[in-house]
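Heads up, the thing below is written out as structure tokens.
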Amino acid sequence: MLGLCCQFMVPKKNSNVYYNVSEEKNLQLNQFINNKYSKERILDTWKNNISGFLKILKHAVNDKIYSVRMSSNILPMWDKLDYLHENQEVDNLFKTVGLFAKEHNIRITCHPDIWCVLNSDSQSVIDNSINQLKYHAFMFDKMSLSQTNYNLINVHGGKRNNLAQLIKTINTLPDNIKNRLTLENDERSF
């Protein structure tokens, strides 16, 4: 089966120039810290990115691609904005994406960044990694995606020779993460 990783590039009309159909937006941490973003700006960014992901899914279906990895940048600053986690417009967009995926048998997956290390020697790295997993599970839950490895959250095995810590950390994870978690076989680092 052919899969798609986070982006979908299409040519502009009558041109050899390509653009990303999702038109994903981001927020900068220093601007956020300096209060340069209003609540509306943040919500507009989130809504834009969720809608952009839906555009990717529609293009994927048209090209008979039924496995799509979701970008990790859909909700920038999510971990700093608890008060926005229950927003009706965001919830409705995620529901629409989830329904479209189910209707068209699209497998949605994700892959948090390489800094997601569940068996680090540093507890702060482990804590940050768990927060990344919570973020991805949050989006999957909002889309009502299955809590199975069909809608997987894929991470690297982590630090070599630290299997006991990996098992300990995985055992502390909530079910909505643990049931979706898969470990990537990486012969160079784990």
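Karplus-derived 3J(HN,Hα) values for the range 70-79, using 6.51 cos²θ - 1.76 cosθ + 1.60 with θ = phi - 60°, are 7, 4, 7, 9, 5, 10, x, 6, 3, 5 Hz; glycine and proline are entered as x. With axes computed from alpha carbons, what is the tilt in degrees of helix 123-142 against the longest principal axis of the chain, rounded to the nearest 10 within 0 to 90? In the chain, helix 123-142 runs at an angle near 40 degrees to the longest axis. Assign one of three labels to the range 70-142, namely rounded, prolate or oblate, based on the Cα gyration tensor with a ≥ b ≥ c the square roots of its eigenvalues; rounded applies when a/c is under 1.5, prolate when it is not and a/b is larger than b/c, and oblate otherwise. It is oblate, given that a/c is not under 1.5 and a/b is not larger than b/c. Tell me which label goes with the value of Cα extents along the principal axes in Å computed from the coordinates here: (i) 53, 40, 29; (ii) 55, 45, 32; (iii) 44, 37, 30. Correct label is (ii). For a straight C-alpha distance cut-off of 30 angstrom, the lysines reachable from LYS39 (same-chain residues fewer than eight places away being disregarded) are LYS25, LYS47, LYS55, LYS58, LYS80, LYS95, LYS134, LYS142.
Taking all protein chains together, LYS168, LYS95 sort by accessible area into LYS168, LYS95, largest first [probe 1.4 Å].
How long are the three semi-axes of the equivalent ellipsoid for the range 23-62, computed from the Cα gyration tensor as the root of 5 times each eigenvalue, in whole Å, largest first? The partial results should precede the final answer.
Values: eigenvalues 146, 17, 4 Å².
Equivalent-ellipsoid dimensions as semi-axes: 27, 9, 4 Å.
Of all lysines in the structure, the ones whose alpha carbon falls short of 16 Å from that of LYS159, not counting any fewer than 8 places away in one chain, are LYS168. Specify the angular offset, from 0 to 90 degrees and rounded to the nearest 10, of the alpha carbon long axis of helix 39-62 from the longest principal axis of the alpha carbons in the chain. For 39-62 against the chain, the angle is about 80 degrees. What is the helix-to-structure angle for 88-103, meaning the angle in degrees between its Cα long axis and the longest Cα principal axis of the chain, kept from 0 to 90 and rounded to the nearest 10? The answer is roughly 90 degrees. Residue order by solvent-accessible surface for GLU89, GLU184 is GLU89, GLU184, largest first, with ligands and nucleic acids left out and a 1.4 Å probe. Applying both filters, DSSP loop and at most 16 other Cβ atoms within 10 Å, to the chymotrypsin sites (Phe, Trp or Tyr not before Pro) of the range 108-173 gives TRP115. The calculated 222 nm mean residue ellipticity attributable to helices in the chain amounts to -13000 deg cm²/dmol, summing -39500 (n - 2.57) over DSSP H runs of n ≥ 4 and dividing by all residues. For the chain, relative contact order (Cα pairs under 8 Å, six or more residues apart, normalised by length) works out to 18 percent.
Given a 1.4 angstrom probe, what's the average accessible area per residue across the chain, in square angstrom?
Numbers: 10660 Å² over 190 residues.
I get 56 Å² per residue for this part.
Within the assembled protein chains, the solvent-accessible surface assigned to LEU99 is about 110 Å², based on a 1.4 Å probe.
Once fully extended, how much extra length lies between SER146 and TYR83, figured as 0.36 nm per residue of separation less the alpha-carbon to alpha-carbon distance?
Working: separation 63, 0.36 × 63 = 22.68 nm, distance 2.54 nm.
Between SER146 and TYR83, full extension yields 20.1 nm more.
A prolate overall shape is assigned to the range 108-155, the ratio a/c of its alpha-carbon gyration tensor axes (a ≥ b ≥ c) being 1.5 or greater and a/b exceeding b/c.
The values are calculated or read from the model by the stated rules, or taken from the named source; none is laboratory data. In this text, all values refer to a predicted model and were calculated from it rather than measured experimentally. Glycine gets a Cβ as well: all are built from the backbone with ideal geometry, and neighbour counts include every protein chain shown. These area figures cover heavy atoms from the full protein model, side chains too; ligands, DNA and RNA do not enter into them. Shrake-Rupley method; radii C 1.70, N 1.55, O 1.52, S 1.80 Å.
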